[in-house]
1. Classify region 146-271 as rounded, prolate or oblate from the Cα gyration tensor: take a ≥ b ≥ c as the square roots of its eigenvalues, call it rounded if a/c is under 1.5, otherwise prolate when a/b beats b/c and oblate if not.
2. Helix-derived [θ] at 222 nm for the chain: sum -39500 (n - 2.57) over DSSP H runs of at least 4, divide by residue count, nearest 500?
3. Listed here are the pairs LYS233/LYS271; LYS34/LYS107; LYS138/LYS237; LYS151/LYS193; which of them are more than 30 Å apart at the Cα?
4. Relative contact order, percent, of region 82-241 when contacts are C-alpha pairs under 8 Å separated by at least 6 residues?
5. Over region 47-110, consider all pairs of different Cα atoms and compute the Kirkwood hydrodynamic radius from their mean reciprocal separation; express it in Å, one decimal.
6. Between ASP198 and HIS248, what length in nm is gained on full extension when 0.36 nm per residue of separation is reduced by their alpha carbon distance?
7. Specify the inter-centroid distance of region 126-173 and region 238-264, based on alpha-carbon positions, in whole Å.
8. If you take the square roots of the eigenvalues of the alpha-carbon gyration tensor of region 88-197 and sort them as a ≥ b ≥ c, do you get rounded (a/c under 1.5), prolate (a/b over b/c) or oblate?
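The values are calculated or read from the model by the stated rules, or taken from the named source; none is laboratory data. Given the structure is predicted, the values throughout are model-derived calculations rather than measurements. So basically every Cβ, Gly included, is an ideal-geometry build from the backbone, and we count neighbours across all protein chains shown. Ligands, DNA and RNA are excluded from the accessible area calculation, which covers all protein heavy atoms including side chains. Shrake-Rupley method; radii C 1.70, N 1.55, O 1.52, S 1.80 Å.
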Amino acid sequence: MLLKLLAIPAAAAAGGLFCIAPKKAQPQQKQAFKGLNIAHRGLYSRDQSIPENSLAAFRAAAEAGYGVELDVHLTADDRVVVHHDGNLKRLGGVDECIEDKTYKELKNIRLAGTDEAIPLLSEVFSILGDLPVVLELKRSLRGNGARLCEKTLQLIRTYPGPVCVESFDPTMIRWFKKNAPDLLRGQLSGQTKHLSQDVPTPLAYILSHCMMNFLSRPNFIAYRIGKKPMLVKLSEKLGAMPVAWTSHDTEAEKKHDTVIFEHYLPRIRYK
């Protein structure tokens, strides 16, 4: 009877480890990103006079020698564009879903009142040369997640520099686990209170604790700066690279393999 009782917590612990376990990256996979400060959405201005995720922001980052973090969506005509929000209202002044627009329609939208437009991923790649890219796949509001992954991978294969992929959606990272296992892949996450702004609270809690790592076996966990749950720390102990976002000073360099920063100019490499 005692052995049976002891088996219950042992099984629970084993199940928990199975859920959060990452896949440790190979040295060649993480070499290009370890110890790097990465410009969040390019080197954009706090007042958006140089808008986030704009060609101007990526050009500034490239001129300074920084790798960049960027966000991608799929348009209605299957073009991969670089923009953060699923809705165009905040920066474009249009209360519509970016996935419902063709690229031709998006070209007419100006970002934050500037002359900058929403760029194609291919345009951004041409500016960056071969600098490191942390590419976030945004959750599709129209059920086009797999298609976005497919089209994005085609473009990644044309880029001469190192690219890693990440997403808050573990099913998208699972797609890359299956179709591009050579690429460094990561699970984006953060505190439950923040994730619950976009998904139901129970799911936010599960994602905050990286309990769906079994789907994608991420090589790194990019976690919002702040308190980390014990399960996230354990996943890092098991081999997940710790990545920090979004940093506003150099403090995050002490405990993370890669730092995604904005609104200051850190050294390019700190390890």
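1. Values: a/c = 1.63, a/b = 1.07, b/c = 1.52.
Judged from the Cα gyration tensor, region 146-271 comes out oblate (a/c at least 1.5, b/c at or above a/b).
2. -9500 deg cm²/dmol
3. Checking Cα-Cα distances, LYS34/LYS107; LYS151/LYS193 exceed 30 Å.
4. 15
5. 12.5
6. Extra length from ASP198 to HIS248 when fully extended: 15.6 nm.
7. 20
8. Verdict is oblate for region 88-197.
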